[in-house]
Each structure stands twice: as C-alpha cells, then as structure tokens.
1. Please work out which residue is surrounded by the most Cβ atoms within 10 Å (Cβ to Cβ), limiting yourself to region 102-159 and to residues that are in contact with a strand residue (DSSP E or B) (Cβ under 6 Å, 6 or more places away or on another chain) and not in a helix (DSSP H, G or I).
2. Taking region 62-90, which residues are touching a Leu at 6+ places or on another chain (Cβ under 9 Å) and farther than 21 Å from residue 156 by Cβ?
3. Picking from 79, 96, which residue would you name as being of a type outside the set (Gly, Ala, Ser) and closer than 20 Å to residue 136 by Cα?
4. Select from region 116-131 the residues that are among the small types (Gly, Ala, Ser) and in contact with a Ser or Thr (Cβ under 9 Å, 6 or more places away or on another chain) and list them in ascending order.
5. Can residue 182 be described as at pLDDT below 85, surrounded by 15 or more Cβ atoms within 10 Å (Cβ to Cβ), at negative phi and of a type in the set (S, T, N, Q)?
6. Regarding region 61-78, can at least one residue be identified that is assigned to a helix (DSSP H, G or I) and loosely packed, with under 15 Cβ neighbours inside 10 Å?
7. Any residue that is assigned to a helix (DSSP H, G or I), in contact with a Gly (Cβ under 7 Å, 6 or more places away or on another chain), closer than 30 Å to residue 10 by Cα and of a type outside the set (Lys, Arg) - is there at least one of those in region 83-98?
Amino acid sequence: MNAPRPVRKPEDLRAAARYVSYEIEMMIFSGKGLGGWYASPRTTPPDNYKNMALESFLLHFRNLRAFLCPTLQALSSDDIIASDFLDPPTLRDLGDTSALSIDKTRLDRMLDHLSYSRRAYIAGGDHGWKVASMLVLMLGQIKNFLSGLPEAKRPWFPPEAPITEHIRNLSGVLDSGFEDHSGIIHGGPEA
C-alpha cells in the first residue's frame, strides 16, 4: 500500500488544503442543519430541505472518508489524499478504515449513483443515517489527521479547537440518549 505519490508543490498543497477545509466546514454545517441539535426546541428542516441537507452531509462525509482512507475507493493520481501532506507523500490510509468503512456500500449505493439497490434499502427500512454519530466519528478522524501534520502545514487547515468543541457538543447529545435517525434518503413516491 505505501506506494509513492507525486510530490506536490507547496502552493498546490496549500490550495488543496482549502478544498479539504471546505469539505470539513460543509459537513459540519449540513450535519448541524439537519440534526437541529443546537436549537431549542430541536428543529429539523422540512421535506426536501431535509433531504438536501442530508445529501450534502453524506457527500462531504464520503469525500472526507476518501481523503483519509484512499484504499476504500478507486484512486487516481489527481485525487487529494491526506498522506499527500506528509513527508514523503505515499499512498496510505490515515484514517481508521474499519470505522470509516461502516455503511460504505450502503452509502455508495444510495448516494454515489442511481442503483437498483436503493429500493431494497428503502423497503427494508435501511435508509436512515445516524448523522450525529457519523459526524463525531469523522471529526475525530480529522482531528487525528490534523495532529499528525507537520507544523508548517497545520495553519492551512481549520483550527482544532472548534472541531474539539463540535465533538464535545455532539458527544453530549449522544450521551443524553439521543441518536439521530432522522437522516433519511427517501428516493421517490414509493418511499
């Protein structure tokens, strides 16, 4: 697995870090909007707005999963992966592949492209997503990545403190017994 990767110029890595930061920001934003955990009373978007927030959350989750664990996907040399930011850049996973691969097939079948499997997931009631748990998991993985970065590259990414705060807030929500199953991809009239 530790295959060499192209060595990128610092300005290319810095630009790539902005894209990764955007993925992190949008995953948090859409997850918070979907879950309504920070509102009192808890409020989630209605109908298609909820689907839009969920699909956005899942898309950014998938992108970050691929960033941290490139072996879980078909990879090209053009893909931005976490290990590109280490010296020397090699093809390797920097996230916990066993944790991040949970629901991978279902997520890919439900979101990556149209599939006949979608109907079976919906009919079987397996189209809900534990958004709060997924967000805590991914933010923990991102935090681990950030802590392993060389000092010179660390400022290119979001600060750790807000990520830690999101993890703490969401962990409190989960510890209180709330598990969000409200994230549901419907997929059409028969759903």
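The values are calculated or read from the model by the stated rules, or taken from the named source; none is laboratory data. As the structure is a computational prediction, the values presented were derived from the model and not from experiment. In this analysis, Cβ positions are derived from the backbone assuming ideal geometry, glycine residues included, and neighbour counts consider all displayed protein chains.
1. Kept after step one, since they are in contact with a strand residue (DSSP E or B) (Cβ under 6 Å, 6 or more places away or on another chain), are these residues of region 102-159: 127-129, 131.
Now restrict to residues that are not in a helix (DSSP H, G or I): 127-129.
On the way: 127: 19, 128: 14, 129: 24.
Per the criteria, the residue is 129.
2. 62, 71, 72, 75
3. Values: 79 fails: closer than 20 Å to residue 136 by Cα.
Every option except 96 fails the conditions.
4. Matches in region 116-131: 117, 128.
5. Numbers: at pLDDT below 85: yes; surrounded by 15 or more Cβ atoms within 10 Å (Cβ to Cβ): yes; at negative phi: yes; of a type in the set (S, T, N, Q): yes.
Yes, satisfied.
6. Kept after step one, since they are assigned to a helix (DSSP H, G or I), are these residues of region 61-78: 61-68, 70-72.
If we keep only those that are loosely packed, with under 15 Cβ neighbours inside 10 Å too, we end up with 71.
Yes, the conditions are met somewhere in region 61-78.
7. no
Condition check ((1) closer than 19 Å to residue 140 by Cβ; (2) modelled with pLDDT under 90; (3) outside any helix (DSSP H, G or I)) across all residues:
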position	(1), (2), (3)
13	no, no, no
16	no, no, no
26	yes, no, no
29	yes, no, no
45	no, yes, yes
59	no, no, no
